[in-house]
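One structure is given here, and the rest of the page talks about it.
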Amino acid sequence: MNTGLFGQPLTTASPATGLGRRDHLTFRGNVALGRYGWLRLTPAYSLHLVRELLKQSGPDEIVLDPFSGTGTTPLACASLGIRCDAVDINPFLVWLGNLKLTRFDDGTARAVKSAATRIAEKAHDPRPAAWKPDLHQIEKWWDGPTLHALAAICDGIRNPKRERASGVSDLLSIAFCRVMIQTANVSFGHQSMSFKRNGANGGLLAEPPGGAGARIAAAFLAAADEVADSLQVEPPTAQCRVVLGDSRDLGAALPAGKRRYTAVITSPPYPNRMSYIRELRPYMYWLGYLSDGRAAGELDWKAIGGTWGCATSLLNTWTPNGHGEIPFPQFDRIIRDISAGHALLGRYVHKYFEDIKGHILSLRKVLAPGARCHYIVGNSKFYDTMLPVEGVYAALFEDAGFVDVRVETIRKRTSKKELYEFIVHVRAPSLARRAT
Ligand SMILES: C[S@@+](CC[C@H](N)C(=O)[O-])C[C@H]1O[C@@H](n2cnc3c(N)ncnc32)[C@H](O)[C@@H]1O
């Protein structure tokens, strides 16, 4: 039988039964490992899976990840000595990805630890910090004393600016984010973040003598130590980077001389109405990448599949116009069925695939002939209507001239029996085929 990368039958039909949830094939498998584990962000996918795909790479490989997210693909490439460029539309994720890809010298870890010791003292300062983020209902996220201590640490990292150039303040920002999210009244029990029912700080850390100041100072020092120590784990050895850009216009986003990628390993947003901006808001507000709700919605509207804030109202007036038909036989029927339950959702799915079609058309122009592409995608269900996301991707690639299209089922995603994750494997056409 024709089997795929993960020993499962390759299929374009409904997924094989008996594929359980396999945590090593999700971001959960990355959490303990060096820079991959810095922040636990739900957009991330499995390092194990990326490494399996990179086993096919030869010495001339140049990898592209058009949806970089937390930078799993470029970091895996960088630590294996494989060149890689990545693109993301979210400036916070571009910063995070590039920080992960930075080579630090031996002195950096020591500088992080010593700066953290100095800054942690600020958590005890009773004076209010000059600044705290304008996050909607911030009091739901942190109680007053915790917020006070966090704001003092954040202020200590931002000022003075002398550590900025060396990357020390960026690394301290990662340590800060770990503490900020660990002490927030949010839970990660579900696919996305939600507020906990009772109690600020979720009882994650017991209150020591000295109150919130001592608790936050201790947590910050521990986090800074972890970040500093992680720098030695599988450090990057190849030049890789993440650029800010729109994967629907890769020609504009990528450096002109380097548009000959031999492989694409990526995971685009899924059409499941999960908003990355919603998830990433606390990080983005604290680090200054967002300052108000309107900007959050506008950024989510630019992202494929975004649904946060004004992205929803803009979708209300959206009409198909971009790249013509979606070449999947049942596509119009599926959109009609979803729209019958909820018109906005029908529009959401339609726009999602128009955007993906735009991406695939722009991708072809930056690939070397015969380049292999691996898209990790998940299917969705809207009320009673199944959305065979993997099948629509396969059809879009075929329509754009890609060859050797096949779909591999890799794991069950949730407790819902129909929801799976797939790899859509395709190849860019060879030179001969391109000419025809
Ligand atoms: C599923 S996540 C990628 C996860 C990544 N593989 C990882 O391990 O972290 C999808 C990413 O696509 C980005 N994105 C959405 N629309 C985009 C666009 N038009 N251009 C570039 N990136 C986009 C989102 O910001 C998000 O980071």
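Suppose the filter is among the aromatic types (Phe, Trp, Tyr), part of a loop (DSSP other than H, G, I, E, B) and within 16 Å of the ligand (Cβ to nearest atom); does Trp308 pass it? Yes, satisfied. Residue-level check: of (1) open to solvent by 10 Å² or more (accessible area, probe 1.4 Å); (2) at pLDDT below 95; (3) among the small types (Gly, Ala, Ser), Ala311 misses just (1).
All conditions but one from (1) open to solvent by 40 Å² or more (accessible area, probe 1.4 Å); (2) farther than 16 Å from Val389 by Cβ; (3) assigned to a helix (DSSP H, G or I); (4) in contact (Cβ under 8 Å) with a residue 40 or more places away in the chain apply to Leu361; the one that does not is (4).
For the stretch 23-41: of the residues being open to solvent by 30 Å² or more (accessible area, probe 1.4 Å) and either closer than 25 Å to Leu254 by Cα or not in a helix (DSSP H, G or I) (or both), which is modelled with the highest pLDDT? It would help to see each step written out before you state the result.
From the stretch 23-41, those open to solvent by 30 Å² or more (accessible area, probe 1.4 Å) are 23-24, 28-29, 31-33, 40; that's our starting set.
Keeping just the survivors that are either closer than 25 Å to Leu254 by Cα or not in a helix (DSSP H, G or I) (or both) gives 31-33, 40.
Numbers: Val31: 55, Ala32: 64, Leu33: 76, Arg40: 85.
Only one residue tops the list, namely Arg40.
Taken over the stretch 106-121, the criterion of being under 15 Å from Ser169 (Cβ atoms), without any contact (Cβ under 8 Å) to a residue 60 or more places away in the chain and among the charged types (D, E, K, R) is satisfied by Arg118 alone. Just a yes or no: is a residue in the stretch 312-332 charged (D, E, K, R), farther than 27 Å from Ala400 by Cβ and more than 11 Å from the ligand (Cβ to nearest atom)? The answer is no, given that none of the residues of the stretch 312-332 is charged (D, E, K, R), farther than 27 Å from Ala400 by Cβ and more than 11 Å from the ligand (Cβ to nearest atom).
Candidates are the residues of the stretch 87-129 that are touching a helix residue (DSSP H, G or I) at 6+ places or on another chain (Cβ under 6 Å) and not in a helix (DSSP H, G or I); the one that is surrounded by the most Cβ atoms within 10 Å (Cβ to Cβ) is Asp88.
Name the single residue, out of those in the stretch 247-293 being among the hydrophobic types (A, V, I, L, M, F, W, C), outside any helix (DSSP H, G or I) and within 14 Å of the ligand (Cβ to nearest atom), that is surrounded by the most Cβ atoms within 10 Å (Cβ to Cβ).
Taking the stretch 247-293 as the starting set, the residues that turn out to be among the hydrophobic types (A, V, I, L, M, F, W, C) are 250, 252-254, 256, 263-265, 274, 277, 280, 284, 286-287, 290.
So of that shortlist, the ones also outside any helix (DSSP H, G or I) come out as 254, 263-265, 274, 287, 290.
Cutting the leftovers down to within 14 Å of the ligand (Cβ to nearest atom) gives us 254, 264-265, 274, 290.
Details: Leu254: 22, Val264: 22, Ile265: 29, Met274: 17, Leu290: 23.
Among those residues, the one meeting the criterion is Ile265.
Which one of these is surrounded by 12 or more Cβ atoms within 10 Å (Cβ to Cβ) and either touching a Pro at 6+ places or on another chain (Cβ under 6 Å) or not β-branched (Val, Ile, Thr) (or both): Asp143, Asp134?
Numbers: Asp134 fails: surrounded by 12 or more Cβ atoms within 10 Å (Cβ to Cβ).
On inspection, the qualifying residue turns out to be Asp143.
If the condition is being in a helix (DSSP H, G or I) and farther than 14 Å from Leu396 by Cβ, then the stretch 315-333 contributes Leu315, Asn316, Asp332, Arg333.
I'd like to know if the stretch 381-391 contains one or more residues that are touching a helix residue (DSSP H, G or I) at 6+ places or on another chain (Cβ under 7 Å), in the same structural domain as Ala86 (by TED's automatic domain parsing) and closer than 24 Å to Tyr261 by Cα. No, the conditions are met nowhere in the stretch 381-391. Is there a residue being on the phi < 0 side of the Ramachandran plot, modelled with pLDDT of 55 or more and open to solvent by 30 Å² or more (accessible area, probe 1.4 Å) anywhere in the stretch 2-17? Looking through the stretch 2-17, none of the residues is on the phi < 0 side of the Ramachandran plot, modelled with pLDDT of 55 or more and open to solvent by 30 Å² or more (accessible area, probe 1.4 Å). For the stretch 42-69, a tally of residues being at pLDDT below 95, outside any helix (DSSP H, G or I) and either open to solvent by less than 30 Å² (accessible area, probe 1.4 Å) or near the ligand (Cβ under 10 Å from one of its atoms) (or both) returns 5. Does Ala86 qualify as being at pLDDT 95 or above, away from the ligand (no atom under 12 Å from the Cβ) and either in contact with a strand residue (DSSP E or B) (Cβ under 6 Å, 6 or more places away or on another chain) or among the acidic types (Asp, Glu) (or both)? No.
The values are calculated or read from the model by the stated rules, or taken from the named source; none is laboratory data. Model, not experiment: these values are computed from the prediction. All Cβ positions, glycine included, derive from the backbone under ideal geometry; neighbour counts span all protein chains shown. We work out accessible area using only protein heavy atoms, side chains counted, and drop any ligands, DNA or RNA first. Shrake-Rupley method; radii C 1.70, N 1.55, O 1.52, S 1.80 Å.
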